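Scroll down for the structure; my scribbles are underneath it.
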Amino acid sequence: MLNQKPAVRLENPAKTNDVSPPSPVQNREFDSKTVGCVTVDKPIMTTRNVDVYYGGKQAIINVSIDIAYNEVLSMIGPSGCGKSTFLRCLNRMNDTIESAHVTGKIELEGHDIYDKKTDVVTLRARVGMVFQKPNPFPKSVYENVAYGPRIHGLARNHTELDEIVQTSLLRAGLWDEVKDRLSQPGTGLSGGQQQRLCIARCIAVNPDVILMDEPCSALDPIATARIEELMDELRQNYSIVIVTHSMQQAARVSQRTAYFHLGDLIEVGETSNIFTNPQDKLTEDYLTGRFG
Amino acid sequence: MTMTTADKIQANLKKRYAAERRFRSYGLASVAIGLAALLLLFISIIGKGYTAFQQTYVKLEVQFDEAIIDPQGTRDPQILARADYGKLIKKTMRKRFPDVTNRRDRRNLYKLVSPGAVFSIQDMVRNDPGLIGTTQTIWVPADDDVDMLIKGYINRDEPESDRRLKDKEIAWIDALAASDSLEKRFNKTFFTAGDSREPELAGIWGAVVGSFYTLLVTLVLSFPIGVSAAVYLQEFAPRNRWTDLIEVNINNLAAVPSIVFGLLGLSVFLNFMALPRSAPLVGGLVLSLMTLPTVIIASRASLQSVPPSIREGALGMGASQMQMVAHHVLPLAMPGMLTGTIIGMARALGESAPLLMIGMVAFIVNVPEGPLDPSTVLPVQIYLWADTPERAFVERTSAATLVLLAFLVVMNGAAVWLRKRFEQRW
Ligand SMILES: Nc1ncnc2c1ncn2[C@@H]1O[C@H](COP(=O)(O)OP(=O)(O)OP(=O)(O)O)[C@@H](O)[C@H]1O
Ligand SMILES: [Mg+2]
């Protein structure tokens, strides 16, 4: 009983921004069955032939994809297809899961992040993460944002720290709402505000890449709209990889979209193309709502 | 007639409600039984113990006779300290009851006043030698038998031979009472003195201080060690056979009867390491062994209850494992750890069996001045008093139990307060 949903309509495919969109390249010097523009011209991150195993079970199968500067890359796919797993490889959050085992090559600006010499602490400062459920620390709003700069020693004194906190909150579009309650607990904010606080906390350490795992799934449409707007602004300074279950959201915020299916990366394409003209049968089935 | 679903549910409904009511009444009944038992305990202990907070005092017109205290008139503190103040009391009693001439009777008469009265008079003279030569009205503790008679614990209708107080003595006491020379006062001694063979001079302070030093040692050892062990096992240790084994054994240790720790303390701390007997230090060491598993288990549970999202948040910011634990997990887990520790300490406070093994059961008069001084602890003091024949120790046993219970209630209250106060909602 497949209900025939129409393919997602694209009213406003990724609002144009003054940052030039990534230019996909088709050449492949590696073994990959993925359809579409896996590689880009000047990637900030590259992943090649990545496999992830949970114990004996393989959750990610031979995934290769590039992440460009100043792009929002969205990852979609049915539940359990490995989107979160793959995302968590990019800042080595999978290290915290004892059974998880990652092979393949992942590079951040040419440096292998799984190299023995790579320090996870530095890596995670450069590749920040925003989680599905807002998880502010049970500390004040100020402390939440100041935490990253503190542990990484980014501010030399209080004025600098105050400045970082303010700019981060400003960039996250939260400053006006919290400027009078910086000393109140971050857990006392609304869900949408908490998620923006988490984004502020993440950008306070000035990362290169921000990973977002379904950042809006716990939020109402208005809060979601705020965060989508925010992502478009953040794109000027950061690369963003977002996992989402909402195809509309992927269409609204991203320049490229990657479709995962049972651990395989099936297709990568410019968002405007993939939604209107998917190349792979599986992608098409998913986008038209035949499963997922 | 066919039954619709609604009918079927309706038919079942009565049974379901009945079952619910039955279940609720079972619960209520068990709560009631529990409360009744608790009430009974409190009523019996308070009923038996409250009289111990008062003590009968006897009024004496003491003549501070220079001829007895300081015949040479030197006022040398050494001589004052060595004088026979008992003579003063005897003289006073003889004057009060001139009819008593028989030697046996006189001895019994003197015994109405507590032997502790001698020390009160000695103290008075030491503090103010000017008293010598004057006559003063002073109140001194009466003997415990007098106290028991006044409190109504001695049955006058019993045949004289079965009574601790004979007819003559009762007559003297009645005479004293009739002339307002007997009075029940707040029993300060009970809260300030160490143990004594004389009930009216015995107090719990020595045991309280002993308990304090013992618990201090226990806390200082078991809290940091327990918390560190829990943090390591929960946050840093790899999950493998060894850590599993350790975990199982910690859980087993928590179930080991406390007397076993006492035996261990006896053979390791006393026989092998030759630490002092009866010392709170050793008691604390033994109780630490006993409390550690409790603290570790409670601390691990508390660490476990810190949501993974907080850890992920911290790690995702680039915090190291150590920073994540120190900055986020530990502060959130601390109230739970403290609660567990307080409950462990409360258990340690009530523990007597392992302390018997390491000699904390000795009769100790002096209040300990440090964790190396021989001392006893509250539950052992209770045990010691419960074993004595004097009627006056019965009420003191109950009173000491009351004090112990009060400490336990306060500690558990603190644990509940901590839990409520720092309860986190995520
Ligand atoms: N910690 C884990 N241990 C073992 N298996 C896991 C673990 N986490 C995920 N998996 C398995 O890996 C596969 C991919 O999971 P993942 O969470 O990456 O999916 P997802 O695409 O993010 O799904 P969703 O859209 O529901 O979030 C699933 O089959 C899942 O059961
Ligand atoms: Mg997921």
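Bear in mind that the values in this text are calculations on the coordinates, not laboratory data. Since the structure is predicted, the reported quantities are computational estimates derived from the model, not experimental observations. With ideal geometry, Cβ positions are generated from the backbone for all residues, glycine too; neighbour counts draw on all protein chains shown.
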Worksheet item: Taking Cα centroids, how far is the range B:6-74 from the range B:178-212 in Å?
Response: 22 Å
Worksheet item: Summing Lys, Arg as +1 and Asp, Glu as -1, what charge do residues with Cβ under 14 Å from the Cβ of B:Asp147 carry, B:Asp147 excluded?
Response: -2
Worksheet entry | Proximal aspartates and glutamates to B:Lys184, defined as alpha-carbon separation beneath 20 angstrom and excluding residues fewer than eight positions away on the same chain | B:Glu61, B:Asp143, B:Asp144, B:Asp145, B:Asp147, B:Glu169, B:Asp174, B:Glu198, B:Glu200, B:Glu390, B:Glu395
Discussion item. If I fit a long axis through the Cα atoms of helix B:241-254 and take the longest principal axis of the Cα atoms of chain B, what angle between them do I get, 0 to 90°, rounded to 10?
Written reply: 30 degrees
Worksheet item: Shape of the range A:112-270 from its Cα gyration tensor (a ≥ b ≥ c, root eigenvalues): rounded if a/c is under 1.5, otherwise prolate when a/b > b/c, or oblate?
Response: oblate
Response to the item:
Contact order relative to length for the range A:35-287, counting C-alpha pairs under 8 Å separated by 6 or more residues, stands in percent at 29 percent
Worksheet item: Among A:Lys133, A:Lys116, A:Lys83, which one moves the most in a GNM of chain A with springs linking Cα atoms closer than 10 Å?
Response: A:Lys116
Fill in: Computed [θ] at 222 nm, helices only, for chain A once each DSSP H run of length n ≥ 4 contributes -39500 (n - 2.57)
-9000 deg cm²/dmol
Worksheet entry | For A:Val241, residues with placed amide H under 5 Å, excluding near neighbours | A:Leu73, A:Ile210, A:Leu211, A:Met212
Worksheet entry | Nearest 10 degrees, 0 to 90: helix A:141-152 Cα axis against chain A principal axis | 80 degrees
Discussion item. Please return the longest range in chain B lying between exposed loop sites, taking GluC sites (Glu not before Pro), DSSP loop only, at most 12 other beta-carbon atoms within 10 Å, and leaving the sites out.
Written reply: B:1-368
Worksheet entry | Beta bridges by DSSP in the protein assembly as shown, antiparallel share as percent, to the nearest 5 | 65 percent
Practice prompt. From the C-alpha gyration tensor of chain B, pull out the three semi-axes of the equivalent ellipsoid (sqrt of 5λ each), sorted largest to smallest, in whole Å.
Written response: 58, 32, 18
Worksheet item: 222 nm [θ] for chain B, helices only, -39500 (n - 2.57) per DSSP H run of 4+, per residue, to 500?
Response: -19500 deg cm²/dmol
Practice prompt. Find the relative contact order for the range A:172-288 and round it to a whole percent, using C-alpha pairs within less than 8 Å whose residues are 6+ positions apart.
Written response: 18 percent
Worksheet item: What FRET efficiency would be calculated for the residue pair B:Ser30, B:Asp244, taking the C-beta separation as r and a Förster radius of 56 Å, to the nearest 0.05?
Response: 0.95
Worksheet item: If you rank B:Thr2, B:Thr397, A:Thr118 by fewest surrounding Cβ atoms within 10 Å, what's the result?
Response: B:Thr2, A:Thr118, B:Thr397
Worksheet, complete the sentence: Output field shielding_mean for B:190-200 (other chain Cβ, 10 Å radius) holds 0
Worksheet item: With point charges of +1 on the Cβ of Lys and Arg and -1 on the Cβ of Asp and Glu, referenced to the Cα centre of the range A:35-287, which listed residue (A:Met75, A:Thr118, A:Thr85) lies farthest in the positive direction of the dipole?
Response: A:Thr118
Discussion item. Less than 12 Å Cβ to Cβ from B:Glu198, Lys/Arg counted +1 and Asp/Glu -1: what total charge do the surrounding residues give?
Written reply: -4
Worksheet item: Against the longest principal axis of chain A, how steep is helix A:191-203, in degrees 0 to 90 to the nearest 10, with axes from Cα atoms?
Response: 90 degrees
Discussion item. Residue by residue through the range B:8-15, what is 3J(HN,Hα) from phi via Karplus (6.51 cos²θ - 1.76 cosθ + 1.60, θ = phi - 60°)? Round to whole Hz and write x for glycine and proline.
Written reply: 4, 4, 4, 4, 6, 4, 4, 4
Discussion item. If I build a Gaussian network model for chain B, linking alpha-carbon pairs within less than 10 angstrom, which residue out of B:Phe119, B:Phe393, B:Phe23 has the largest mean-square fluctuation?
Written reply: B:Phe23
Practice prompt. Quick one: what are the phi-derived ³J(HN,Hα) couplings along the range A:237-249, Karplus 6.51/-1.76/1.60 with θ = phi - 60°, whole Hz, x for glycine and proline?
Written response: 10, 10, 9, 10, 10, 10, 9, 9, 9, 9, 5, 4, 5
Worksheet entry | Reach of A:Lys57 by Cα under 16 Å, taken over lysines that are not fewer than 8 positions away in the same chain | A:Lys83
Response to the item:
In whole angstrom, the spacing between the Cα centers of the range A:112-188 and the range B:288-302 equals 35 Å
Fill in: the range B:205-422: C-alpha pair distances exceeding 29 Å, %
34 percent
Practice prompt. Specify the residue with the greatest mean-square fluctuation among A:Ser64, A:Ser79, A:Ser254, computed from a Gaussian network of chain A linking alpha-carbon atoms under 10 Å apart.
Written response: A:Ser79
Practice prompt. Rounded to the nearest 0.05, what FRET efficiency do B:Thr388 and B:Leu39 give with R0 = 25 Å and r taken as the Cβ-Cβ distance? Could you check?
Written response: 0.35
Fill in: Built amide H within the under 5 Å cut-off of B:Leu275, gap 5+
B:Leu270
Response to the item:
Across the alpha-carbon set of the protein assembly as shown, Rg over Rh with Rh taken as the Kirkwood radius works out to 1.22
Discussion item. Give me the inter-chain shielding for B:318-325: mean count of other chain Cβ atoms within 10 Å, whole number please.
Written reply: 5
